[in-house]
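The values are calculated or read from the model by the stated rules, or taken from the named source; none is laboratory data. On a predicted model such as this, the values are computed, not experimentally measured, just so you know. Backbone-built Cβ (ideal geometry, glycine too); neighbour counts: all protein chains shown.
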Amino acid sequence: MEEALNSTIHPACLQEPPLASDVIKQLDVFGICLYSMLTFMSCVSLLLYLEQCLYMYRKLSYPKKTTIIWINGAAPVIGTMACFGMWIPKAVMFTDMASNCYFAVVVYKVLVLMIEEFGGSKDFLKRFSGKTFRINTGPCCCCCPCLPHVPMSRRMFFLLKLGALQYAILKTALSVLAIILWTNGNFDLSDLEITGTAIWINPFIGVLTIISLWPLAIIFMNTKGFLRSINIIPKYAMYQLVLVLSQLQTSIINILALDGTIACAPPFSSQARGSLLSQQMMIMEMFIITLVTRFLYRRTYDTLPMEVQDTDQNGKVPLEAAFIEHDV
């Protein structure tokens, strides 16, 4: 019975991802146009990012310029890696590792950016030391309104930064470990057995992700009233969107491919075709996000005055609390 079932399945559906030469050979007119357009979008995103880096390097002071350059690079880097993964399906493990490691650092840099908008760690502590912070935020405790407000202190501040930094370090280390195990044939996303390494590494990375997002949400929810004039809300929304698209969307597509919902299309197996669809969608999405973030970050701002009063309970900021914005 199994032999009869296997005989009806195209051999390519049971093979590894095809070589780049095989991908090029099977492209029709529509495929050539699609691949060319997506490659063009990826190249434009990368060129816009490089120009943005030059602008930030000339206009902003250290260390804010390096932080913003890191954050601005999230969408172009992920889009560029997705383009490589689209053309070279066998390299998807490496391109995904590069994208995930880069974004893990971006998560920490977003936290650093919000701190630097207040003048750095010392000024942040001087402003908020002793003031209570609400911690019932997502993704961990958004459904726990009974949690007490915690006063900001050096210890609390250190734990918040450590919570975001651990993801950048451990995510990179686990991604490198996954690549090493994959080259030895010990890491397979389709292996869901309890003895498989993927079933242990991937959930652990998910837990690390949730832990890292909580400190960012705490800082953002308690300081966004001060930072409205620098468009912190849309900036934070763009970061969240990159997170959802690069992590959650990719995971959903991979699950659908493993389930067989995404059909095999020679020379692509179900899993390889799911990865291809994910890469193509990622390029278009990251191109749009690159354009939006370019608009949001292409400005300079004065330092936040120390005499600014706290935000009220509605999150409103007094007139004297606003930043002075300069369009360049």
Between ILE24, ILE32, which is modelled with pLDDT under 90, out of contact with any Pro (no Cβ under 8 Å at 6 or more places or on another chain), in a helix (DSSP H, G or I) and closer than 25 Å to PHE268 by Cα? ILE24
Which listed residue is in contact (Cβ under 8 Å) with a residue 24 or more places away in the chain and under 22 Å from the mean Cα position of the chain (by Cα), from GLY119, GLY85: GLY85
For segment 99-133, how many residues are among the charged types (D, E, K, R) and either at pLDDT below 85 or under 27 Å from THR250 (Cα atoms) (or both)? 1
Scan segment 79-95 and give yes if some residue there is among the charged types (D, E, K, R), assigned to a helix (DSSP H, G or I), touching a Pro at 6+ places or on another chain (Cβ under 8 Å) and closer than 30 Å to ALA257 by Cβ, otherwise no. yes
Specify which of the listed residues (VAL110, VAL106) is surrounded by 21 or more Cβ atoms within 10 Å (Cβ to Cβ) and under 24 Å from SER275 (Cβ atoms). VAL106
Would a scan of segment 48-59 turn up a residue that is over 19 Å from VAL106 (Cβ atoms), crowded, with 17+ Cβ neighbours inside 10 Å and in contact with a helix residue (DSSP H, G or I) (Cβ under 6 Å, 6 or more places away or on another chain)? no
